[in-house]
Amino acid sequence: MTTMTHDIAVARRLRSGLLFAMLSASSFGLSGPLARGLMDAGWSSASVVAVRVLVAAAVLLPIAAGQLRGNWQLLRHNASLITAYGLVAVAGTQLAYFNAVAHMAVGVALLIEYTAPIAVVGWLWLRHRQRPGAATVAGAALGITGLFLVIDLSSGRTTSWVGIAWALAAMVGAAAYFVLSAQGDGTLPGTVLAAGALLIGGLALLAAGAVGILPLHATTDPVVFQHFTVSWWLPVLVLGVVTAALAYVSGIVATRLLGSRLASFIALFEVLAALAFAWALLGEAPRAVQLLGGALILTGVIVVRRGELDAATATATEQLDPERPVLNEAR
């Protein structure tokens, strides 16, 4: 009975993590098309990232302060984690991604960035000896195959090597995002981590712009999308509140519930969300082969989730009853 109760708790934890991960991926997927609109209106990529993360920080800081309840020692104890998260996972990743989007299609940039799950699996394997199981490997293969079909690299469109370089940098940052999101001893609330990291990332970008390292320029010109035009402040607000504040907090919660490896694969749904938003806002309609790729991504994520559920259940069962035999495949 104890084992059954523990298995149910594990399944509920994974379901909750899956919902948060889907929310995060969908929110992040909106950022590329909105950023493209602002950049087409005359904004630099660094300005888009800086405003986005600073708006998000402004939204989250009051909530984070309430959660801290004056326990500033908690911030000092986690200062290195917050700083690394802000500079690498927030500022670095988003700056690289938006620079990639400025040189290539949104989907192509995301294809390269979202080879990050492979990097996460490799890092956990090499650094922490967490060897992926057969289900994880099979799901990864399906997901990456689906990504190639979603992007449809055989369509004959030219690809910028500058864009590829920026997208590879975004891949490194995305892998760091999943690894760092799972760090800590559990005492630092996810909202506090996100708020502190967003503030540090935004201030770092402003400092880099002030000394001339990054170009910071923006306009108040209307932002034109496929079927409508809006004032500049509306996409800025949505970028900050939805695609940053909501996306990062839900992503941190998801990663802590699911672990870095599974959360990174669920985040592949960001590609589908980005394609849908790019279709609606920029007129980039998906092809039939891209829809097939989306089905493969869904299948791959389900396979990975099944494998991680089996592994988590097996580990919990072994801890409860060490003498009970556990299949190696479940590990």
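Contact list please: Cβ distance under 6 Å, first residue in the stretch 159-177 and closer than 22 Å to residue 248 by Cβ, second residue among the aromatic types (Phe, Trp, Tyr), pairs at least six apart or on different chains.
As it stands, the answer is 170/97, since those pairs meet every condition given.
Scanning for something surrounded by fewer than 23 Cβ atoms within 10 Å (Cβ to Cβ), aliphatic (A, V, I, L, M), closer than 24 Å to residue 167 by Cα and in contact with a helix residue (DSSP H, G or I) (Cβ under 8 Å, 6 or more places away or on another chain), does the stretch 56-76 turn up at least one residue?
Within the stretch 56-76 (the criterion being surrounded by fewer than 23 Cβ atoms within 10 Å (Cβ to Cβ), aliphatic (A, V, I, L, M), closer than 24 Å to residue 167 by Cα and in contact with a helix residue (DSSP H, G or I) (Cβ under 8 Å, 6 or more places away or on another chain)), the answer is no, since none of the residues qualifies.
Only one residue in 255, 219 is hydroxyl-bearing (Ser, Thr, Tyr) and modelled with pLDDT of 90 or more. Which one?
219
Hey, can you tell me all the residues within the stretch 94-119 that are under 17 Å from residue 248 (Cβ atoms) and among the aliphatic types (A, V, I, L, M)?
Across the stretch 94-119, the qualifying residues are 95, 96, 116.
Take the conditions within 28 Å of residue 143 (Cβ to Cβ), surrounded by fewer than 23 Cβ atoms within 10 Å (Cβ to Cβ) and in contact with a Gly (Cβ under 6 Å, 6 or more places away or on another chain) and apply them to residue 88. Does it pass?
yes
The values are calculated or read from the model by the stated rules, or taken from the named source; none is laboratory data. Everything quoted here is computed from the prediction, not taken from an experiment. All Cβ positions, glycine included, derive from the backbone under ideal geometry; neighbour counts span all protein chains shown.
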